[in-house]
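Okay, so here's the structure we're looking at.
The values are calculated or read from the model by the stated rules, or taken from the named source; none is laboratory data. Remember, it's a predicted structure, so these values are computed and weren't measured experimentally. FYI the Cβ positions are ideal-geometry reconstructions off the backbone, even for glycines, and counts take in every protein chain you see. Each accessible area value is taken on the protein alone, full model and side chains, heavy atoms only, with ligands, DNA and RNA left out. Shrake-Rupley method; radii C 1.70, N 1.55, O 1.52, S 1.80 Å.
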Amino acid sequence: MSTYRSNIFLYSSLVVISILLSFWVLNIWTYDFTIPFYYVGDSMQVAGWVKTIIDFGWYLTNSNAGMPFGQEMYDYAGSDMFNFFLIKAMSWFTDKFGLIMNLFFLLGFPLCACAAAFVTRYLKLSYMSAFVTGILFTMLPFHFFRNATHMFLGFYWTIPFIVLMIYWSSTIERPSRKMYIWSIILSLIISSSGVYYAFFGCFLLVSIGIIAIIKRRSIKLSLYPFVITLVIAVGCLINLSPNFTYSLTHGKNIETSHKFYGEAEAYGLKITQLVLPVNDHRIDKLAELKSKYNLNFPISYGSAHTALGIVGTIGFIILLFSLLSPMKEDLINKMGKINILSLLLSTIGGIGAIISFVVPEIRGYDRIGLFIAFVSFIGFFSLLERMKVKSTAARSIVFLIVLVIGMLDQTTNSFAVNYKVQDEYKSDQKFVQNIESSVPQNSMIFQLPYVAYPESPRVEKMADYALSKGYLHSNSLRWSYGAMRGRYGDQWQKLVSQKPMPEMVNHLIYAGFQGIYIDRFGYKDNGEKIESELQNILHVTPIISDDQRLTYFDFGSYEKTLNIPHNELEKLKNKAMYLVNDTWSNGFYGLEKDLTHNWRWSSSEGDLFLTNPAPSAKQLTISLGLSTGYPNKSKVFLTGLINESFEVNNQTAFFNKSITLPPGMHQIHFSTNAKRLDGSDPRELFFNVVDWKITEN
């Protein structure tokens, strides 16, 4: 068979078999592909991006979410333009976000398999090695664990090409023009396919480049990896340019850049997790072993799903020992260098932990396990091919056994898709359609409980991004959930949701909202209290989802009873849309409360920032109580927007102050001559601000 026909047979076989195997492992033979395989947590965020591309052409802005000011994703930096363009292309053929998510996820299986096989063949390994490597690489536990929840992380077909360019860096002193052209094209795609794989690739390229300089004693003969690193870096900057531009124009959003350098340890790689069996292994004894390890040893979040499987583990060990071999440098030794550099970067307490002090945004170092997996497969099959087997039939049987054992070892029944997702999806879809048919087009719906977007912890039984359901299932409604945390739209929603129910309802009506959507899972009492309050105010029969989880209360009938003149409604709307926001910092501690009062302690000094988003000044009345920890009189000084001093002691004294607040942000600085409160509290407590309230005149 000619090389051309052999290649056609190899890649067509990989496409067909990888898809069939993915169907088998996921058990999706009878699943409705218009419904996303995964419908909870981060997969809901991905679904929102996909539907935003369908509705508005790109994922950065959405005027049907985050209302009343809309959703903007500029503060949520990412380097995934290539992936988004693929989704955009899919949206030309279908408007079903679930179908696009599922097809994108499944596309990753043949792409990863073919990419791995292509590089394996380029490295002069046999067709059988290339085929088995492709299948095992695409069927890694990581692929199924990330699924559509972290869909772009599971789309890791670029990794074999990164490894190929690292290999070129260590073997070729003067790359040809053609090699440079292909490397630049690949580098731009890599830079647009996720910042993590690009970052790992740059680290490995630079490291191999430094080794090449030392070995060749020439910078000129070792420029290739540094040029490619520069191209990848520039590509990432191009991807991130909309984010940088927005930040320069609107100011940095400190609430979305909240990564902490210690997270590099929490999400670091553990060698034990590489070599131990996958969770829920098909063999009970191995499943028990892994379960016992997980229960008794601290694990990082993603590291539990970086298992290499038995084939990858053997290859991993081969690569480690290859570095100790006195033999001449060969393919196994070169893969061994990539392997050890990956470990040094990613392992808990490794180089990545040091880098995180400078770049805390890169924290998921366990994800480099894919690089380790690929080079480990290359190491395994390189050694296997050195064991000469004369009979083609015997050779084929050996590779078939490796494939079957490796495939069964890497995958488990727990990877199967949960068909109950379809019932939840259909219940939500019907519920939103019922709302849609009961209100005018383009109506705004306020969603409770308030949850900041993106990346918020679970609220009672409600997982993060669950409130995305409203937008996902509607075509003509606008929803409150999805305003970017740290921006005014998010602050507005938070302030409104904290108002007493009668005041909140009126405020929402003035702002143009048609009703309230409630996810009962977000409340300890399953929403009973809030629904009772709404029922007493609105006197309407709510729409309830078939699964009894979601409810909707319409404002229509109640709004008519308010009988607000049109000219007065415009004034009320203007007032409702521009709420004063207060931010306590630089010495003030978090808000505390009981059944009757709320308060916040401060150190000897603290700052209050008041922001007026309106285009004109606001007349306000500020109410607050002040106290210290002692009966002796002390003074609390206010400077800045207010310049006054108050004499207080441990008996709270209440004050009212009328002020004019111009547009923009303004500071009130608090300080005191009181003594620090004695006691076991580790905080520095000097004075207390009680029952703070702003009333707009």
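Once Rh for region 505-653 is found with the Kirkwood sum over Cα pairs, what is the Stokes-Einstein diffusion coefficient at 20 °C and 1.002 mPa s, in µm²/s? Provide the component values of the computation, followed by the final result.
Details: Rh = 19.5 Å.
Once the numbers are plugged in, D ends up at 110 µm²/s.
With a Cα cut-off of under 21 Å and a minimum spacing of 8 residues unless on different chains, the lysine pairs in region 522-627 number 8. A 1.4 Å probe, protein heavy atoms only, puts the accessible area of Val206 near 50 Å². Look at the Cα gyration tensor of region 165-305: its axes a ≥ b ≥ c give a/c of at least 1.5 with a/b at or below b/c, and that counts as oblate. A convex hull fitted around the alpha carbon atoms of region 590-667 yields 113 Å³ per residue.
Taking a span of 24 Å or more along the helix axis (Cα atoms) and a mean Kyte-Doolittle hydropathy of at least 0.0 as the rule, the DSSP H helices of the chain that qualify are 3-26, 97-122, 195-216, 224-250, 369-386, 392-410. Cross-link partners for Lys420 among the lysines, with Cα-Cα distance under 19 Å and sequence neighbours closer than 8 places in the same chain left out: Lys430, Lys461, Lys469.
Can you show me the helix-derived [θ] at 222 nm for the chain, built from DSSP H runs with n ≥ 4 at -39,500 (n - 2.57) apiece and divided by the number of residues, rounded to the nearest 500.
Working: 25 runs with 339 residues, N = 697.
My calculation for the chain gives -15500 deg cm²/dmol from helical runs alone.
Label sites at Asn418 and Leu591, each approximated as a point 7 angstrom past Cα along Cα to Cβ, lie 3.3 nm apart.
Could you tell me the relative contact order of region 203-361? Use alpha-carbon pairs under 8 Å, at least six residues apart, and round to a whole percent.
Values: 132 pairs, mean separation 41.2, N = 159.
26 percent.
Above 38 angstrom, tally the Cα pairs of the chain and express them as a % of all pairs, no decimals. Intermediate results must be reported in sequence, preceding the final value.
On the way: 114580 of 242556 pairs.
It works out to 47 percent of all Cα pairs.
Region 2-70 gives an Rg/Rh value of 1.22, both radii derived from C-alpha positions and Rh following Kirkwood.
For the residue pairs Lys252/Lys657; Lys124/Lys220; Lys337/Lys390; Lys635/Lys675; Lys657/Lys693, the alpha carbons lie more than 20 Å apart in Lys252/Lys657; Lys124/Lys220; Lys337/Lys390. Normalising the average separation of contacting C-alpha pairs (under 8 angstrom, six or more residues apart) by the number of residues puts the relative contact order of region 337-446 at 17 percent. For region 340-453, a/c is not less than 1.5, where a ≥ b ≥ c are the root eigenvalues of the C-alpha gyration tensor, and a/b does not top b/c. That puts it in the oblate class.
The charge dipole of the chain, taken about the Cα centre with unit charges on the Cβ atoms of Lys, Arg (+1) and Asp, Glu (-1), comes to about 2920 debye, rounded to the nearest 20.
Rolling a 1.4 Å probe over the protein heavy atoms leaves Thr171 with an accessible area of roughly 50 Å².
Tell me, rounded to the nearest percent, the portion of alpha carbon pairs in region 653-697 spaced more than 12 Å apart.
Working: 747 of 990 pairs.
Here the long-distance tail beyond 12 Å is 75 percent of all Cα pairs in region 653-697.
One Cα centroid belongs to region 159-212, the other to region 345-375; the line between them spans 18 Å. For the chain, the relative contact order is 12 percent, taking Cα pairs closer than 8 Å that sit 6 or more residues apart in sequence and dividing their mean separation by the residue count.
Counting only DSSP beta bridges whose two residues both lie in the chain, roughly 85 percent are antiparallel. Protection proxy ranking of 215-222, 155-162, by the mean of other Cβ atoms within 10 Å over each peptide's residues and highest first, is 155-162, 215-222. For a straight C-alpha distance cut-off of 22 angstrom, the lysines reachable from Lys290 (same-chain residues fewer than eight places away being disregarded) are Lys270.
Go ahead and run the numbers for FRET between Glu288 and Glu455, Cβ-Cβ distance against an R0 of 51 Å, rounding to 0.05. Calculated transfer efficiency: 0.90. A straight Cα-to-Cα reach below 12 Å connects Lys494 with the aspartates and glutamates Asp582, residues fewer than 8 places away in its own chain not being considered.
For region 357-418, just say rounded, prolate or oblate: build the C-alpha gyration tensor, square-root its eigenvalues into a ≥ b ≥ c, call rounded for a/c under 1.5, and beyond that prolate if a/b exceeds b/c, oblate if not.
Numbers: a/c = 6.56, a/b = 1.70, b/c = 3.86.
The shape class here is oblate.
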